[in-house]
1. Are any residues in the stretch 71-85 closer than 14 Å to A44 by Cα, out of contact with any helix residue (DSSP H, G or I) (no Cβ under 7 Å at 6 or more places or on another chain) and surrounded by fewer than 17 Cβ atoms within 10 Å (Cβ to Cβ), and if so, which ones?
2. Filter the stretch 61-70 for residues that are of a type outside the set (V, I, T) and in contact with a helix residue (DSSP H, G or I) (Cβ under 8 Å, 6 or more places away or on another chain); which is least open to solvent (accessible area, probe 1.4 Å)?
3. Out of curiosity, is N115 over 10 Å from the mean Cα position of the chain (by Cα) and exposed (fewer than 13 other Cβ atoms within 10 Å of the Cβ)?
4. Quick test for you: out of V100, V88, V93, V32, pick the one residue that is open to solvent by less than 20 Å² (accessible area, probe 1.4 Å) and in contact with a strand residue (DSSP E or B) (Cβ under 8 Å, 6 or more places away or on another chain).
Amino acid sequence: MNFQSSFAQTWPILGNEGLISSVASSYTSIAVVNNGVDFTPYVAYTESAVPKVKKRLSDGTWAQVGANLGTNASYVQIYADPTGNLYVAYIDVAAGSKLVIKKYDYIAGTWDALNP
């Protein structure tokens, strides 16, 4: 039997800014943005309850997208619309378990609240 590895099976561990982390991550979700001929995967997750978003670069490494989304969150989800806009939704535990929805501003490099 000949088994081929898929693209997903070759991804490195994301943890702790590219270093192998002993800290577990959770609430992971993935969105893919199509930039013409390129498909860029983005991953939203929490590490020690801190919500983060990273994208996979063309060389196979991962880079942080904007600053951390908060200080204590759960249920992080990332979405991409058909035009390539990125959105994250999560429960902000630090703010009394309120739902937060943010959109990524590619020009400023920031995650901005949809309704400030």
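The values are calculated or read from the model by the stated rules, or taken from the named source; none is laboratory data. Treat the numbers as computed from the prediction; the structure is a model and nothing was measured. Glycine also receives a Cβ, built like all others from the backbone with ideal geometry; neighbour counts cover every protein chain displayed. Areas reflect the complete protein model, heavy atoms only, side chains present, ligands, DNA and RNA absent. Shrake-Rupley method; radii C 1.70, N 1.55, O 1.52, S 1.80 Å.
1. Y75, Q77, Y79
2. Once the filter is applied, the top-ranked residue is G70.
3. yes
4. Values: V100 fails: open to solvent by less than 20 Å² (accessible area, probe 1.4 Å); V93 fails: open to solvent by less than 20 Å² (accessible area, probe 1.4 Å); V32 fails: open to solvent by less than 20 Å² (accessible area, probe 1.4 Å).
V88 is the lone residue from the list that is open to solvent by less than 20 Å² (accessible area, probe 1.4 Å) and in contact with a strand residue (DSSP E or B) (Cβ under 8 Å, 6 or more places away or on another chain).
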